[in-house]
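Asker: Sharing a structure, written as structure tokens. Questions coming.
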């Protein structure tokens, strides 16, 4: 997969406007092989993003296999609740996944609304 | 396929260590991790069982510095070797750019090596990749077992079993002692980068 400068800028803008602007701490767009395509870390640059991407892709792959075992085509989102930090994974298309790290000040419902919007915008960008 | 970021000028390529259970895939990665600490900016991730067997994968990114104006990051992965973990092996193979097949030199492991390389061929086909085309290096590991009085397969037999048809570069190695571990890695990195360059042209 090769994304040009313009597409990467548009991806960065869509993630910043919809997610970072809404209070999400960090967001990462990865592919299902575990490669990092775009990442924005809002004040938490110490996170090991390459390891997180590898594990997130594997986690999503494992969940997809589990979905098939129980008769679902897929589980399109994953949510992990922590004491202070939470993780939210969402499938963009067959190749791309979005990973969000956010604290308890944002409600999951609000984040889901924002995610729906950003997924729409990302799909338009990668289709260019 | 590798991910190439034209904005940040970064290439991320994925190399997977494959082979039967207990052949030394994790030991290879652990040795590289220790030897290349300055080029690794993160902890090695290991998803393993209580008995220390790899459950999902081991992983760390290796920073190769600038090549042709691009920052090249090699993502090193292992797979779980045991037969029952085939679905996780397939997941790790997704997007693979190069493979190191680690064979166990012990006489008793001959059949397991053959089954594993066939399994690699089958799992690559799922992603429309051909074992004959993908950058591949074979490592005949555990050559040091002979010094402990354990019978090992001779290289001719291993080559006949695993490399007659493929004819890929192969190395005798001892991952525990570190013999030829880095050489194996250098070879697969150079084959993988050459293949990526060819695909880009």
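Asker: Just to be sure I understand, how many residues within the stretch B:1-46 are part of a strand (DSSP E or B) and more than 17 Å from residue A:49 (Cα to Cα)? Write out each step before concluding.
Answerer: Pass one, the stretch B:1-46, residues part of a strand (DSSP E or B): B:3-5, B:10-18, B:45-46.
Among the residues that remain, those that are also more than 17 Å from residue A:49 (Cα to Cα) are: B:15-18.
The total comes to 4.
Asker: Out of B:128, B:141, report the one residue that is farther than 25 Å from residue A:55 by Cβ and in contact with a strand residue (DSSP E or B) (Cβ under 6 Å, 6 or more places away or on another chain).
Answerer: Details: B:128 fails: in contact with a strand residue (DSSP E or B) (Cβ under 6 Å, 6 or more places away or on another chain).
None of the others qualify; the one that does is B:141.
Asker: Next up: Consider residue B:20 carefully, then state whether it is in contact with a strand residue (DSSP E or B) (Cβ under 9 Å, 6 or more places away or on another chain), away from chain A (no Cβ under 13 Å) and either surrounded by fewer than 24 Cβ atoms within 10 Å (Cβ to Cβ) or more than 26 Å from residue B:121 (Cβ to Cβ) (or both).
Answerer: On the way: in contact with a strand residue (DSSP E or B) (Cβ under 9 Å, 6 or more places away or on another chain): yes; away from chain A (no Cβ under 13 Å): yes; either surrounded by fewer than 24 Cβ atoms within 10 Å (Cβ to Cβ) or more than 26 Å from residue B:121 (Cβ to Cβ) (or both): yes.
In short, yes.
Asker: Another question, if that's okay. Just for the stretch B:74-87: of the residues that are outside any loop (DSSP other than H, G, I, E, B) and either in contact (Cβ under 8 Å) with a residue 40 or more places away in the chain or within 7 Å of chain A (Cβ to nearest Cβ) (or both), which one is farthest from residue B:118 (Cα to Cα)?
Answerer: Start the filter on the stretch B:74-87 by keeping residues that are outside any loop (DSSP other than H, G, I, E, B), which leaves B:74-78, B:83-87.
Going one step further and asking which of them are either in contact (Cβ under 8 Å) with a residue 40 or more places away in the chain or within 7 Å of chain A (Cβ to nearest Cβ) (or both), we end up with B:74-78, B:83, B:87.
Numbers: B:74: 25, B:75: 24, B:76: 22, B:77: 19, B:78: 17, B:83: 12, B:87: 15 Å.
Among those that are outside any loop (DSSP other than H, G, I, E, B) and either in contact (Cβ under 8 Å) with a residue 40 or more places away in the chain or within 7 Å of chain A (Cβ to nearest Cβ) (or both), it is B:74.
Asker: When residues of the stretch A:102-118 are filtered for being more than 18 Å from residue A:17 (Cα to Cα) and touching a helix residue (DSSP H, G or I) at 6+ places or on another chain (Cβ under 9 Å), how many remain?
Answerer: 0
Asker: Looking only at the stretch B:23-43, how many residues end up being more than 19 Å from residue B:186 (Cβ to Cβ) and in contact with a strand residue (DSSP E or B) (Cβ under 7 Å, 6 or more places away or on another chain)? Walk me through it before giving the result.
Answerer: Taking the stretch B:23-43 and keeping what is more than 19 Å from residue B:186 (Cβ to Cβ), we get B:23, B:26, B:41-43.
Keeping just the survivors that are in contact with a strand residue (DSSP E or B) (Cβ under 7 Å, 6 or more places away or on another chain) gives B:23, B:26, B:41-42.
The qualifying residues number 4.
Asker: May I pose another question? Could you list, in sequence order, the residues of the stretch B:107-145 that are in contact (Cβ under 8 Å) with a residue 40 or more places away in the chain, closer than 17 Å to residue B:180 by Cβ and out of contact with any helix residue (DSSP H, G or I) (no Cβ under 6 Å at 6 or more places or on another chain)?
Answerer: B:136, B:141, B:142, B:145
Asker: So in the stretch B:91-112, with the set limited to residues that are in a helix (DSSP H, G or I) and under 14 Å from the mean Cα position of the chain (by Cα), which one is farthest from the other protein chains (Cβ to nearest Cβ)? Give the derivation first.
Answerer: Here is the first cut: in the stretch B:91-112, the residues in a helix (DSSP H, G or I) are B:91-93, B:107-112.
Next cut, under 14 Å from the mean Cα position of the chain (by Cα) only: B:92-93.
Details: B:92: 7, B:93: 9 Å.
Per the criteria, the residue is B:93.
Asker: Specify the residue that is surrounded by the most Cβ atoms within 10 Å (Cβ to Cβ); the eligible residues are those in the stretch B:176-192 that are over 21 Å from residue B:120 (Cα atoms) and in contact with a strand residue (DSSP E or B) (Cβ under 7 Å, 6 or more places away or on another chain).
Answerer: B:180
Asker: Give the number of residues within the stretch A:95-105 that are outside any loop (DSSP other than H, G, I, E, B) and farther than 27 Å from residue B:127 by Cα. Before you say what the answer is, go through the steps one by one.
Answerer: If we filter the stretch A:95-105 for residues that are outside any loop (DSSP other than H, G, I, E, B), which is where we start, we get A:96-103.
When the remaining residues are screened for being farther than 27 Å from residue B:127 by Cα, the result is A:100-103.
The number of residues fulfilling the criteria is 4.
Asker: For the stretch A:16-94, give me every one of the strands (runs of 3 or more DSSP E) that falls completely inside it and has 3 or more residues that are at pLDDT 90 or above and at the interface with chain B (Cβ under 9 Å from one of its Cβ atoms).
Answerer: Values: elements: A:26-31, A:36-41, A:77-81, A:85-91.
The strands (runs of 3 or more DSSP E) meeting that bar are A:36-41.
To keep it simple, each residue is scored yes or no on (1) surrounded by 20 or more Cβ atoms within 10 Å (Cβ to Cβ); (2) more than 10 Å from chain A (Cβ to nearest Cβ); (3) touching a residue at least 12 places away in the same chain (Cβ under 8 Å).
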| site | (1), (2), (3) |
| --- | --- |
| B:10 | no, no, yes |
| B:24 | yes, yes, yes |
| B:29 | yes, yes, yes |
| B:38 | no, yes, no |
| B:43 | no, no, yes |
| B:59 | yes, no, yes |
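Asker: On to the next question. Give A:59, A:18, A:35 a once-over and let me know the one that is free of Cβ contacts under 8 Å to residues at least 60 places away in the same chain, farther than 21 Å from residue B:10 by Cα, within 13 Å of the chain's Cα centre (by Cα) and buried (at least 18 other Cβ atoms within 10 Å of the Cβ). Talk me through it step by step, then tell me what you get.
Answerer: Working: A:18 fails: free of Cβ contacts under 8 Å to residues at least 60 places away in the same chain; A:35 fails: farther than 21 Å from residue B:10 by Cα.
When all the criteria are applied, what remains is A:59.
Asker: Also, I was wondering about something else. Residue A:97 is checked against (1) at pLDDT 90 or above; (2) out of contact with any strand residue (DSSP E or B) (no Cβ under 6 Å at 6 or more places or on another chain); (3) within 14 Å of chain B (Cβ to nearest Cβ) and fails just one. What number does that condition carry?
Answerer: All conditions are met except number (2).
Asker: Moving to a separate point now. Among the residues that make up the stretch B:152-164, is at least one of them over 21 Å from residue B:111 (Cβ atoms) and either in contact with a helix residue (DSSP H, G or I) (Cβ under 6 Å, 6 or more places away or on another chain) or exposed (fewer than 13 other Cβ atoms within 10 Å of the Cβ) (or both)?
Answerer: Here is the first cut: in the stretch B:152-164, the ones over 21 Å from residue B:111 (Cβ atoms) are none.
Looking through the stretch B:152-164, none of the residues is over 21 Å from residue B:111 (Cβ atoms) and either in contact with a helix residue (DSSP H, G or I) (Cβ under 6 Å, 6 or more places away or on another chain) or exposed (fewer than 13 other Cβ atoms within 10 Å of the Cβ) (or both).
The values are calculated or read from the model by the stated rules, or taken from the named source; none is laboratory data. No experiment lies behind these values; they were computed from the predicted model shown. Every residue, glycine as well, gets a Cβ built from its backbone with ideal geometry; the counts of neighbours run over all protein chains shown.
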